[in-house]
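Asks: Input: one structure, supplied below.
The values are calculated or read from the model by the stated rules, or taken from the named source; none is laboratory data. Predicted, not measured: the structure shown is a model, and the values here were computed from it. Here the Cβ positions follow ideal geometry from the backbone for every residue, glycine too, while neighbour counts run over all protein chains shown.
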Protein chains: 2
Amino acid sequence: MKQSQLFTKTFKNVSKDDTSANAQLLTRGGFIQKLGAGIYSFLPLGLLVLKKIENIIREEMNVIGGQELLMPALHPKEIWEETGRWQTADYLYKLQDRQEKYFALGATHEEVITDIARKYVFSYKDLPLYLYQIQVKFRDELRVKSGLLRTKEFLMKDMYSFHASEEDRKEYYEKVKKAYVKIFERCGLKVLVTEASGGIFSKEYSHEFQVATPAGEDIVYFCPNGDFSQNKEIAGKKTGDKCPECGKTLEETKTIEVGNIFTLGTKYSNPMKAMFIDKNSSKKPIIMGCYGIGPSRLIGAIVEVHHDDKGIIWPEAIAPFKVHLIVIEGKEDKKIKDTADKLYQDLQAKGVEVLYDEREGKTAGEKFADADLIGIPYRAVISKKTLKENKIELKKRDEEKTKLINEEEFIKYVG
Amino acid sequence: MKQSQLFTKTFKNVSKDDTSANAQLLTRGGFIQKLGAGIYSFLPLGLLVLKKIENIIREEMNVIGGQELLMPALHPKEIWEETGRWQTADYLYKLQDRQEKYFALGATHEEVITDIARKYVFSYKDLPLYLYQIQVKFRDELRVKSGLLRTKEFLMKDMYSFHASEEDRKEYYEKVKKAYVKIFERCGLKVLVTEASGGIFSKEYSHEFQVATPAGEDIVYFCPNGDFSQNKEIAGKKTGDKCPECGKTLEETKTIEVGNIFTLGTKYSNPMKAMFIDKNSSKKPIIMGCYGIGPSRLIGAIVEVHHDDKGIIWPEAIAPFKVHLIVIEGKEDKKIKDTADKLYQDLQAKGVEVLYDEREGKTAGEKFADADLIGIPYRAVISKKTLKENKIELKKRDEEKTKLINEEEFIKYVG
């Protein structure tokens, strides 16, 4: 895409209301635009990143048998009353329509998916079942903060699993755990799979996927060997304690939670009467699990971890483009522009996602600063200097050094 | 996909609360599930159709320069007050959070997109600009009806265009008109491009894209020559009047509106002060247009037009699968199942989207009835009879006749 035609703009300064790196850099880079406290639009650049993340999540959910559906955000009061959460969930946005009927805005979808399950699942033969959606959620947050990390409206991949036995649920739980680690790895994040409270309905731990960063608001004690990690909220540990698995000294870190998985058991199926007939012809409540990742929050976490003082450093798999091609025009020499135009066409023909900065009236310095801010992994420059040697100047966003290579090598490199 | 593994079920009978063909057939076929009045989930089969429609819309929007973004559904009251619509838009869902701040749920996004424009557009050089999203909308409908045709929550592709001159806006309006006709054609719908009221802010007509069907709730007078169509609400015409263009006799039809395009002019840019500097360095309000299609409503309209008494007849481009492969097993002959399994694999290897009904314990009659209900364009049967001749029985959903062809011909046919 030609940068002059892309709907984006970079800003040197934006409001300092929210000084988090993700809010600052994503806004300055033209990825997101704030509408109100904790409410953001994704501009075209931001949406490109979001879609890449969504597709990675979809791929990994499908690998473990997930089937995608799409549930509504407007929930009749009655369905939340069935589980008693209409009263207890204080983060629910509630509203009344013109006919004085009450609704909640979906902050989560256990009630709605359980309603679907009780209409579609009758027998153990219908189980197990893994259903997920990528859909917008709403939470009446008392204190929004840190850009995309805590917002009132956000995207969520929420998966719900349905099982005939607790053993089957446990087995699937471990499968999801592995799929989650893979998703975060593909998004460029190393996560601590962290034990946390299972909630009042389960004696078992839930698991949080925590990314270590000074920008985090959770605190986790973990073993550097990777065999233990617990959220401070439940840990009877402190820094310097020994790892119960290997005896190594535990460390403490601030973290951002990017995903979580829960045992639900029959917490929802029981009150909502989502039953199935088991092999022995007896009626039982379906056993459930649930598994969440917030793709929009994930973008925030990725930026917190992958940036420097110049801007964002996107991991390749989720970058809005792979190559940022920049032409530095000398007025005197039309050949520079022609060479860059041709390289742009060649890259597109090869299917390389390229953002082409052919903007007129911008200095080399301005273009480089914008490229650093936007954070595309490979920067390719065509200038008077490179033209003389019939080369391309290549620089990776996360490295300092540049190198001159010819087009063939370059396309092999990024193709 | 194997049908035994697909999360869907067919129902012979569902609630008769809503007798519209689309509500009945989409629910019976396992495409959608009602959560409440005018609120639906899209089950995996329904979501497949929805995504195909969304992609057709995206492709055609991108062809005419559209750039996709994603705006929020939660709108602070203040932004709707800027245009005065907080008071006047009675279809707005309004809510108050725990901190007593008011919000509207986005029923449309003129305010939000104009807010983005005023932060990103400064000069005529930034124009024209075409931005769209595919996003969920909410309307406090007093009377929901007809399945997906009138709901409280629905998907919308809303595009907004921004121009430096009225001439430019007009030109683009005609471009969108053509793109819309193409979108509906690709979705299997012939539309009447129908003049309608431009609203109180414009002397010009708006245009509705109307599909003729007895299930419609609008009434349109149109010339069978295709050169005139007007909504009854504004038409100073009646059946039997002459077409003002060609003199032919006008006809009347019931219709479903599947899209509309509007002149906005400076209706929103003026009060919201979305200004630009023109070529002569003077400050002017940006000239706008808006263009909507409801992908979920579109599914409803397509089913109303394309069904028979047995079920849905999906147009090929938006069908959830292209081929419905059915195996009719004789207990005696494992070869039947093996042959069907192999054909399933061959079709998948060729990239043909196939739903494979390998369910055990279902009769041929039940499988055929489900296939007719679900409405996939090509039905392929492997049975004792076809195996004897080493052929496949092929039937198109919209034809009565079946024919026996060999695998090579079949794959050529559907590949």
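Asks: Can we say B:Tyr93 is crowded, with 18+ Cβ neighbours inside 10 Å and facing chain A (nearest Cβ under 9 Å)?
Replies: Spelling it out, B:Tyr93 is indeed crowded, with 18+ Cβ neighbours inside 10 Å and facing chain A (nearest Cβ under 9 Å).
Asks: Out of everything in region A:3-27 that is of a type in the set (Gly, Ala, Ser) and within 14 Å of another protein chain (Cβ to nearest Cβ), what residue ends up being farthest from A:Tyr344 (Cα to Cα)?
Replies: Step one: of region A:3-27, the residues of a type in the set (Gly, Ala, Ser) are A:4, A:15, A:20-21, A:23.
From what is left, the residues that are within 14 Å of another protein chain (Cβ to nearest Cβ) are A:4, A:15.
Numbers: A:Ser4: 14, A:Ser15: 35 Å.
Per the stated criteria, the residue is A:Ser15.
Asks: Does region A:333-347 include one or more residues that are modelled with pLDDT under 95 and either in a loop (DSSP other than H, G, I, E, B) or assigned by TED's automatic domain parsing to the domain that holds A:Ala215 (or both)?
Replies: Yes.
Asks: Could you say which residue among B:Asp346, B:Asp357 is surrounded by fewer than 18 Cβ atoms within 10 Å (Cβ to Cβ) and touching a residue at least 60 places away in the same chain (Cβ under 8 Å)?
Replies: B:Asp346
Asks: Quick one: would you say B:Leu155 is buried (at least 19 other Cβ atoms within 10 Å of the Cβ) and assigned to a loop (DSSP other than H, G, I, E, B)?
Replies: Judged against the criteria, B:Leu155 is not a match.
Asks: Now a separate question. Report, by residue number, each residue of region B:272-312 that is of a type in the set (Ser, Thr, Tyr) and touching a residue at least 40 places away in the same chain (Cβ under 8 Å).
Replies: Within region B:272-312, B:Tyr291, B:Ser296 meet the criteria.
Asks: Can we say A:Phe162 is farther than 30 Å from B:Gln87 by Cβ, crowded, with 18+ Cβ neighbours inside 10 Å and at pLDDT 95 or above?
Replies: yes
Asks: What single numbered condition from (1) surrounded by 20 or more Cβ atoms within 10 Å (Cβ to Cβ); (2) more than 30 Å from the chain's Cα centre (by Cα) fails to hold for A:Ser269?
Replies: (2)
Asks: Sort out which residues of region A:61-91 are farther than 24 Å from B:Phe154 by Cα and among the hydrophobic types (A, V, I, L, M, F, W, C), and write them in order of number.
Replies: Correct list: A:Met61, A:Val63, A:Ile64, A:Ala89.
Asks: Go through region A:48-75 and report how many residues are of a type in the set (S, T, N, Q), part of a helix (DSSP H, G or I) and within 11 Å of chain B (Cβ to nearest Cβ).
Replies: Quick first cut of region A:48-75, residues of a type in the set (S, T, N, Q) only: A:55, A:62, A:67.
Checking the rest, the ones that are also part of a helix (DSSP H, G or I) come to A:55, A:62.
Still in the running and within 11 Å of chain B (Cβ to nearest Cβ): A:62.
Total meeting the criteria: 1.
Asks: Taking region B:135-149 only, how many residues are surrounded by 20 or more Cβ atoms within 10 Å (Cβ to Cβ) and either at positive phi or in a strand (DSSP E or B) (or both)? Before the answer, list the steps.
Replies: Within region B:135-149, the subset surrounded by 20 or more Cβ atoms within 10 Å (Cβ to Cβ) is B:137-140, B:146-149.
Checking the rest, the ones that are also either at positive phi or in a strand (DSSP E or B) (or both) come to B:137-138, B:146-147.
Of the residues in region B:135-149, 4 are surrounded by 20 or more Cβ atoms within 10 Å (Cβ to Cβ) and either at positive phi or in a strand (DSSP E or B) (or both).
Asks: Separate question: Filter region B:28-47 for residues that are in a helix (DSSP H, G or I) and either within 7 Å of chain A (Cβ to nearest Cβ) or crowded, with 22+ Cβ neighbours inside 10 Å (or both) and give the result.
Replies: B:Pro44, B:Leu45, B:Gly46, B:Leu47
Asks: Do we find a residue being touching a residue at least 24 places away in the same chain (Cβ under 8 Å), out of contact with any Asp or Glu (no Cβ under 6 Å at 6 or more places or on another chain), surrounded by 14 or more Cβ atoms within 10 Å (Cβ to Cβ) and at positive phi anywhere in region B:169-192?
Replies: yes
Asks: I'd like to know if region B:133-144 contains one or more residues that are among the polar types (S, T, N, Q) and within 20 Å of B:Gly66 (Cα to Cα).
Replies: Scanning region B:133-144 turns up at least one residue that is among the polar types (S, T, N, Q) and within 20 Å of B:Gly66 (Cα to Cα).
Asks: Determine which single condition A:Ile219 fails, assuming it passes every other condition in (1) within 14 Å of another protein chain (Cβ to nearest Cβ); (2) out of contact with any helix residue (DSSP H, G or I) (no Cβ under 8 Å at 6 or more places or on another chain).
Replies: (1)
Asks: Among the listed residues A:Leu404, A:Leu373, which satisfies the condition of being touching a helix residue (DSSP H, G or I) at 6+ places or on another chain (Cβ under 9 Å), in a helix (DSSP H, G or I) and of a type in the set (A, V, I, L, M, F, W, C)?
Replies: Of the residues listed, the single one that is touching a helix residue (DSSP H, G or I) at 6+ places or on another chain (Cβ under 9 Å), in a helix (DSSP H, G or I) and of a type in the set (A, V, I, L, M, F, W, C) is A:Leu373.
Asks: Please work out if B:Phe410 is more than 14 Å from B:Val327 (Cα to Cα) and of a type in the set (A, V, I, L, M, F, W, C).
Replies: Yes.
Okay, residues lined up against (1) farther than 30 Å from B:Phe31 by Cβ; (2) in contact with a helix residue (DSSP H, G or I) (Cβ under 9 Å, 6 or more places away or on another chain); (3) surrounded by 14 or more Cβ atoms within 10 Å (Cβ to Cβ):
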position	(1), (2), (3)
B:Pro224	yes, no, no
B:Phe228	yes, no, yes
B:Thr249	yes, no, no
B:Leu264	yes, yes, yes
B:Pro285	yes, yes, yes
B:Met288	yes, yes, yes
B:Gly294	no, yes, yes
B:His307	no, yes, yes
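Asks: Has region B:97-106 got at least one residue that is of a type outside the set (Lys, Arg), more than 7 Å from chain A (Cβ to nearest Cβ) and closer than 30 Å to B:Asp168 by Cα?
Replies: Checked region B:97-106: at least one residue is of a type outside the set (Lys, Arg), more than 7 Å from chain A (Cβ to nearest Cβ) and closer than 30 Å to B:Asp168 by Cα.
Asks: Okay, next question. Among the residues of region A:155-170, is there at least one that is more than 22 Å from B:Leu43 (Cβ to Cβ) and within 11 Å of chain B (Cβ to nearest Cβ)?
Replies: Kept after step one, since they are more than 22 Å from B:Leu43 (Cβ to Cβ), are these residues of region A:155-170: A:165-170.
Subset that is within 11 Å of chain B (Cβ to nearest Cβ): none.
Scanning region A:155-170, I find no residue that is more than 22 Å from B:Leu43 (Cβ to Cβ) and within 11 Å of chain B (Cβ to nearest Cβ), so the answer is no.
Asks: If you don't mind, there's one more thing I want to ask. Starting from region A:133-149, keep only residues that are more than 9 Å from chain B (Cβ to nearest Cβ), then list their pairs with residues that are in a strand (DSSP E or B) and not charged (D, E, K, R) whose Cβ atoms are within a distance under 6 Å, requiring at least 6 positions of separation or different chains.
Replies: A:Lys137/A:Phe154; A:Lys137/A:Met156
Asks: Checking B:Val176 against (1) within 17 Å of the chain's Cα centre (by Cα); (2) over 16 Å from B:Leu129 (Cα atoms), only one condition comes out false. Which one?
Replies: (2)
Asks: Still on this structure, I have one more. Based on this model, can you work out whether B:Tyr124 counts as at the interface with another protein chain (Cβ under 10 Å from one of its Cβ atoms), under 23 Å from B:Ile287 (Cα atoms), touching a residue at least 60 places away in the same chain (Cβ under 8 Å) and of a type in the set (Phe, Trp, Tyr)?
Replies: Here the answer is no, as B:Tyr124 does not meet what is asked.
Asks: Could you please give the count of residues in region B:17-27 that are of a type in the set (Asp, Glu) and either crowded, with 24+ Cβ neighbours inside 10 Å or in contact (Cβ under 8 Å) with a residue 24 or more places away in the chain (or both)? Spell out how you get there, then give the answer.
Replies: Kept after step one, since they are of a type in the set (Asp, Glu), are these residues of region B:17-27: B:17-18.
Adding the requirement that they be either crowded, with 24+ Cβ neighbours inside 10 Å or in contact (Cβ under 8 Å) with a residue 24 or more places away in the chain (or both) leaves B:18.
Residues flagged as of a type in the set (Asp, Glu) and either crowded, with 24+ Cβ neighbours inside 10 Å or in contact (Cβ under 8 Å) with a residue 24 or more places away in the chain (or both) within region B:17-27 amount to 1.
To keep it simple, each residue is scored yes or no on (1) in contact with a strand residue (DSSP E or B) (Cβ under 7 Å, 6 or more places away or on another chain); (2) under 26 Å from B:Asp18 (Cβ atoms); (3) part of a strand (DSSP E or B).
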| position | (1), (2), (3) |
| --- | --- |
| B:Gly216 | yes, yes, no |
| B:Val220 | yes, yes, yes |
| B:Asn225 | no, no, no |
| B:Gly236 | no, no, no |
| B:Gly240 | yes, no, no |
| B:Cys246 | no, no, no |
| B:Val258 | yes, yes, yes |
| B:Asn280 | no, no, no |
| B:Lys284 | yes, no, yes |
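Asks: Specify which of the listed residues (B:Ile134, B:Ile116) is in the same structural domain as B:His207 (by TED's automatic domain parsing), closer than 30 Å to A:Arg143 by Cα and within 25 Å of the chain's Cα centre (by Cα).
Replies: B:Ile134
Asks: Return yes when B:Leu48 is within 30 Å of B:Asp341 (Cβ to Cβ), in contact with a strand residue (DSSP E or B) (Cβ under 7 Å, 6 or more places away or on another chain) and hydrophobic (A, V, I, L, M, F, W, C) and no when it is not. So that I can check it myself, show each step before the final result.
Replies: Details: within 30 Å of B:Asp341 (Cβ to Cβ): yes; in contact with a strand residue (DSSP E or B) (Cβ under 7 Å, 6 or more places away or on another chain): no; hydrophobic (A, V, I, L, M, F, W, C): yes.
Judged against the criteria, B:Leu48 is not a match.
Asks: So, one more: Kindly provide the set of residues from region A:76-107 that are free of Cβ contacts under 8 Å to residues at least 60 places away in the same chain and in a loop (DSSP other than H, G, I, E, B), ordered by number.
Replies: Listed by number, the residues that qualify are A:Ala89, A:Asp90, A:Tyr91, A:Leu92, A:Tyr93, A:Asp97, A:Arg98, A:Gln99, A:Glu100, A:Lys101, A:Gly106, A:Ala107.
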